[in-house]
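Worksheet: the structure to be examined is printed underneath.
The values are calculated or read from the model by the stated rules, or taken from the named source; none is laboratory data. None of these values were measured; they are calculated from a predicted model. Cβ: placed from backbone, ideal geometry, glycine included. Neighbour counts: every protein chain shown. Quick note on the areas: whole protein, heavy atoms, side chains included, nothing else; ligands and nucleic acids left out. Shrake-Rupley method; radii C 1.70, N 1.55, O 1.52, S 1.80 Å.
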Amino acid sequence: MTRRGVWLIDVRPDPLIKGSDRESFAAAAEVAVACGWRYAVAARWREHTFAGLDAIASRRRLRSDPLRLRPVLLAEVGGGRRFGELAAATGCEPVARAQLLHLLWSRQLGIDLAGPLQDRSLVIPAGEAGR
């Protein structure tokens, strides 16, 4: 979901797309249009994308927050801050990085994965994602 509407995205690596898949994609596109959604097929990724997703996914099951950094990070992000600055602002940078990745995975914060995930990546509140 974005501020501009709902998207249905089929994700399949380009080398694995067969002729019969194209028919399925066309049918999915028709269903999406009928629902008022947009439709796309994502078949190729930028090289950095999987590394960024893998980093975020690595903290998806992070259940505890003994230092109570999540509320601090959510408050510190404001209208947007760089990943490294946000982690450093907590006073416990290594743990804050793990918590930031969890907040990104759980969509409480947003980040643009069009570029590599790095300290200068802009982190924004989830409500501002898709602008």
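Going by Cα centres, region 41-77 and region 78-111 are how many Å apart?
If we compute the Cα centre of each part, the gap is 8 Å.
Just to be sure I understand: with springs between alpha-carbon atoms less than 10 Å apart, which residue in Ser20, Ser121, Ser106 has the highest mean-square fluctuation in the Gaussian network model of the chain?
Of Ser20, Ser121, Ser106, the most mobile in the Gaussian network model is Ser20.
Hey, got a sec? Which trypsin sites (Lys or Arg not before Pro) in region 27-64 land in a DSSP loop and have at most 12 other Cβ atoms within 10 Å?
Arg44, Arg46, Arg60, Arg61, Arg63
Which residue fluctuates most in the GNM of the chain (Cα springs below 10 Å): Ala51, Ala87, Ala43?
Highest fluctuation among the options: Ala43.
Of the heavy-atom accessible surface of the chain (probe 1.4 angstrom), what whole percent is carbon and sulfur?
Values: 4590 of 8610 Å².
The value for the chain is 53 percent carbon and sulfur by accessible area.
Using +1 at the Cβ of each Lys and Arg and -1 at the Cβ of each Asp and Glu in region 1-104, identify which of Leu67, Ile9, Leu103 lies farthest towards the dipole's positive end.
Among Leu67, Ile9, Leu103, the one farthest towards the positive end of the dipole of region 1-104 is Leu67.
Considering only protein heavy atoms, with the full assembly of protein chains and a 1.4 angstrom probe, order Asp54, Asp14 by accessible area, largest first. Before the final figure, lay out the partial values.
Values: Asp54 105, Asp14 60 Å².
From most exposed to least exposed: Asp54, Asp14.
Explain nothing, just the number: dipole magnitude of the chain about its Cα centre with +1 on each Lys and Arg Cβ and -1 on each Asp and Glu Cβ, in debye rounded to the nearest 20.
Values: 20 positive and 14 negative charges, 49 e Å.
The calculation lands at about 240 debye.
Which ³J(HN,Hα) values in Hz, rounded to whole numbers, follow from the phi angles of region 5-11 under the Karplus curve 6.51 cos²θ - 1.76 cosθ + 1.60, where θ = phi - 60° and Gly and Pro get x?
In residue order, the calculated couplings are x, 9, 10, 10, 10, 8, 10 Hz.
So, for the chain, what is the accessible surface per residue at a probe of 1.4 Å, expressed in square angstrom?
About 66 Å² of surface per residue is accessible.
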